[in-house]
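A.B. asks: I am attaching a structure below and will ask some questions about it afterwards.
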Amino acid sequence: MSLLSVRGLTKEFGNLTAVDDVSFDIEDGEFVSILGPSGSGKSTALRMVAGFEEPTSGEIRLDGEDVVGSPPFERDVNMVFQDLALFPHLTVAENIGYGLKQRGVPAAERRERTERILEMVRLDGYGDRTPSELSGGEQQRVALARALVNEPALVLFDEPLSSLDRKLRQHMQGELQRIQAETNTTFLYVTHDQEVALAVSDRLVVLDEGRIQQVGTVEELYEAP
Ligand code: ADP
Ligand code: ADP
């Protein structure tokens, strides 16, 4: 059974069909990118998987269970936003532990998990800083740590690296691949940047004007004659 299975997913905003009859599967442990130009429906599709937006029609199954209609916190999914959305008045550790606290995880376990995930993203010792005391790349790591700390099955990324300069972006791409492998998590990464999509992902879902153009591995889509 696929970890994520999307069937006939459609989202209309008035007369506009932002996502148009989209179907794809993602297997456990894959790193898949949704690639397409601005306005092609990538974010809307991702937001429906996360539960921030309800489909007009279609099916979203996580581990076989239809999640349409269930709120975001009940889905085994976390999202890293383009603007990262860190809480500026909370420390790095509080940002990471926030969701665990909401779920009633005791302080000692929160601390242990927070320390472990800070190590994973190579920010050990940064727990008591605030986000404004960190570089752009370090803030990216905090957002990633926050998305990983409760060990979700699936992490969604809405172009979080697009604001970084090229060198740092390439470094973070490698870090994403390392962390994905080490945490054994499934990643679904949205980008308009073909170079990024080719660099990080096992498979690509190519969208244009809300419709799927192609689905396949990097080799299938770009290297085969
Ligand atoms: P992408 O992420 O590929 O840039 P989006 O999913 O953000 O594309 O948007 C797809 C289309 O849906 C765009 O034309 C956008 O303007 C429109 N859209 C997105 N969200 C809304 C909304 N809340 N209300 C109306 N139109 C929207
Ligand atoms: P509370 O949030 O209940 O006030 P604490 O202030 O002890 O509890 O901790 C806040 C959150 O951050 C918890 O998730 C805790 O486990 C974690 N935490 C606090 N400081 C650090 C740190 N320096 N390094 C790692 N984790 C920390």
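Rule-based calculations on the coordinates, nothing more; no lab input. Not measured: the values here are computed from a predicted model. All Cβ positions, glycine included, derive from the backbone under ideal geometry; neighbour counts span all protein chains shown.
A.B. asks: Taking the range 1-32 only, how many residues are in a loop (DSSP other than H, G, I, E, B) and away from ligand 1 (no atom under 15 Å from the Cβ)?
C.D. replies: First pass over the range 1-32, keeping only residues in a loop (DSSP other than H, G, I, E, B): 1-3, 14-15, 27-30.
Now restrict to residues that are away from ligand 1 (no atom under 15 Å from the Cβ): 1-3, 27-30.
Selection size over the range 1-32: 7.
A.B. asks: Looking for something polar (S, T, N, Q), within 12 Å of ligand 1 (Cβ to nearest atom) and touching a residue at least 40 places away in the same chain (Cβ under 8 Å) - is there at least one such residue anywhere in the range 71-90? It would help to see each step written out before you state the result.
C.D. replies: First, the residues of the range 71-90 that are polar (S, T, N, Q): 78, 82.
Keeping just the survivors that are within 12 Å of ligand 1 (Cβ to nearest atom) gives 82.
Next, only the ones that are touching a residue at least 40 places away in the same chain (Cβ under 8 Å) stay: 82.
Yes.
A.B. asks: Do you know which residues across the range 153-192 are touching a Lys or Arg at 6+ places or on another chain (Cβ under 9 Å), under 25 Å from residue 21 (Cβ atoms) and not β-branched (Val, Ile, Thr)?
C.D. replies: 154, 156, 158, 159, 192
A.B. asks: Give me a count of the residues in the range 116-136 that are polar (S, T, N, Q) and under 22 Å from the mean Cα position of the chain (by Cα). Steps first, please.
C.D. replies: Taking the range 116-136 as the starting set, the residues that turn out to be polar (S, T, N, Q) are 130, 132, 135.
Remaining after also requiring under 22 Å from the mean Cα position of the chain (by Cα): 135.
Residues that pass the stated criteria total 1.
A.B. asks: Right, residue 36: touching a helix residue (DSSP H, G or I) at 6+ places or on another chain (Cβ under 8 Å) and not hydrophobic (A, V, I, L, M, F, W, C) or not? Spell out how you get there, then give the answer.
C.D. replies: On the way: touching a helix residue (DSSP H, G or I) at 6+ places or on another chain (Cβ under 8 Å): yes; not hydrophobic (A, V, I, L, M, F, W, C): yes.
Yes: the conditions hold for residue 36.
A.B. asks: Among the residues of the range 91-115, write down those that are more than 9 Å from ligand 2 (Cβ to nearest atom) and either under 21 Å from the mean Cα position of the chain (by Cα) or surrounded by 14 or more Cβ atoms within 10 Å (Cβ to Cβ) (or both).
C.D. replies: 99, 102, 103 - these are the residues of the range 91-115 that are more than 9 Å from ligand 2 (Cβ to nearest atom) and either under 21 Å from the mean Cα position of the chain (by Cα) or surrounded by 14 or more Cβ atoms within 10 Å (Cβ to Cβ) (or both).
A.B. asks: Of all residues in the range 48-68 being farther than 12 Å from residue 9 by Cα and in contact (Cβ under 8 Å) with a residue 60 or more places away in the chain, which is surrounded by the fewest Cβ atoms within 10 Å (Cβ to Cβ)?
C.D. replies: The selected residue is 64.
A.B. asks: I'm trying to understand the selection: among the residues of the range 33-47, which are part of a loop (DSSP other than H, G, I, E, B) and buried (at least 20 other Cβ atoms within 10 Å of the Cβ)? Write out each step before concluding.
C.D. replies: Filtering the range 33-47 for residues part of a loop (DSSP other than H, G, I, E, B) gives 36-41.
Listed by number, the residues that qualify are 36, 40, 41.
A.B. asks: Another question, then. Looking only at the range 1-19, decide whether some residue is surrounded by 14 or more Cβ atoms within 10 Å (Cβ to Cβ) and closer than 30 Å to residue 104 by Cβ.
C.D. replies: yes
A.B. asks: Filter the range 142-159 down to the residues that are of a type in the set (D, E, K, R) and buried (at least 23 other Cβ atoms within 10 Å of the Cβ) and list them by number.
C.D. replies: Let us first name the residues in the range 142-159 that are of a type in the set (D, E, K, R), namely 146, 151, 158-159.
Of everything in the range 142-159, just one residue is of a type in the set (D, E, K, R) and buried (at least 23 other Cβ atoms within 10 Å of the Cβ), namely 146.
A.B. asks: Okay, moving on. What number of residues within the range 178-207 are in contact with a strand residue (DSSP E or B) (Cβ under 7 Å, 6 or more places away or on another chain) and of a type outside the set (Gly, Ala, Ser)? Don't jump to the end; show me each part of the working.
C.D. replies: Step one: of the range 178-207, the residues in contact with a strand residue (DSSP E or B) (Cβ under 7 Å, 6 or more places away or on another chain) are 180, 185-191, 194, 197, 200-207.
Checking the rest, the ones that are also of a type outside the set (Gly, Ala, Ser) come to 180, 185-191, 194, 200, 202-207.
Going through the range 178-207 one residue at a time, the tally reaches 16.
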